[in-house]
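The values are calculated or read from the model by the stated rules, or taken from the named source; none is laboratory data. It should be emphasised that the depicted structure is a prediction, and the values quoted were computed from it without experimental measurement. For neighbour counting, all protein chains shown are included, and Cβ atoms are generated from backbone atoms with ideal geometry for every residue, glycine included.
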Amino acid sequence: MIPLIFHFAYFRGKTNWIWRDFHTVCLQTCKGRAGPEKIVVHYDRDGEGSDWDAARDIPGIEWRQVTPASTINGYPVKDQRLWCDIYRLDTLDSEGGFFCDLDFIFLKSFEEIRRTVAVIGTQCIQKKKLNIAVLGSVPGSAFIQAFKAEYAKWTPDQEKHTWTYANTVPWELSLKYPVTVLKRNAFYPVTWSNKSFWNGEEFSFEHSFAVHLWEHLHPELCVPQLMETCLGDTIQAVCEPKPTVTVLAGRSISFD
């Protein structure tokens, strides 16, 4: 059974990746909806600003400062997504849990999908692509270890194939090693090309555990924009809970 530990990575490297308000909401919805026993944010250096401060003020989250390797097989790697993905696999191999990107809105408990040794979501069945933006496993999973072995073959001329390792390689491994492959709507109900969601139209998330927001396609993404989508009520319910009202002898007492 996969531990209900939720891992996130904020690795800035030499970039100025800014911690945004929706990253904070990601953690808040994970804590409020996904049913975590533990949340860990792995980071290499502090963020700045009020959004970072708001995230650090969320109680019950472990902030683990680390120095991830910026090389693969001894070769320096420019694309930090690659060495972040290796860190993801190493963490799952040793600790287990769910390793997630920071651009998700969590909708419901992961309890029913933890009853396996490894789990991954489908991005596109026609193109035979899975996606590791959410990847879960028990410690020592054969699927995760086989995934790590693929990176042991990596050479610098493959750096341009970042998405092959994130999408195609896990698809091929899923045919050989024990892993539960969930349908696209589990984590990726909003596709890359979808416009109706961002225009505020209604969208069904009945079978979704979380919604991926494709941050790299929406560099200006912010919480006010998300509040205009059909996820607005969910975000507000988790991040701005209504005060508790107690009625005593005809008198209402509100606790903020």
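Any idea which residue in region 111-137 is farthest from L82 (Cα to Cα), counting only those that are hydrophobic (A, V, I, L, M, F, W, C) and in contact with a Lys or Arg (Cβ under 9 Å, 6 or more places away or on another chain)? Residue satisfying both the conditions and the ranking: I125.
Exactly one residue out of S204, S208 is of a type in the set (G, A, S) and touching a residue at least 40 places away in the same chain (Cβ under 8 Å), and it is S208. Per the conditions (1) outside any helix (DSSP H, G or I); (2) in contact with a helix residue (DSSP H, G or I) (Cβ under 9 Å, 6 or more places away or on another chain); (3) among the polar types (S, T, N, Q), the sole criterion not satisfied by Q158 is (1). Selection of region 74-92 for residues being under 15 Å from V40 (Cβ atoms) and not hydroxyl-bearing (S, T, Y) yields C84, R88, D90, L92. Scanning region 115-138 for residues that are over 14 Å from I5 (Cβ atoms) and assigned to a loop (DSSP other than H, G, I, E, B) gives R115, T116, V117, I125, Q126, K127, K128.
Residues in region 150-171 that are among the acidic types (D, E) and either touching a residue at least 24 places away in the same chain (Cβ under 8 Å) or loosely packed, with under 13 Cβ neighbours inside 10 Å (or both): 2 in all.
Scanning region 48-58 for residues that are farther than 14 Å from Y10 by Cα and within 19 Å of the chain's Cα centre (by Cα) yields A54, I58. Residues that are among the hydrophobic types (A, V, I, L, M, F, W, C) and part of a helix (DSSP H, G or I) were ranked within region 195-244; the one that is surrounded by the fewest Cβ atoms within 10 Å (Cβ to Cβ) is L217.
Is it the case, given these coordinates, that A9 is in contact with a His (Cβ under 8 Å, 6 or more places away or on another chain) and modelled with pLDDT of 95 or more? Yes: the conditions hold for A9. Residues in region 90-126 that are free of Cβ contacts under 8 Å to residues at least 24 places away in the same chain and either over 16 Å from P189 (Cα atoms) or within 14 Å of the chain's Cα centre (by Cα) (or both): E112 alone.
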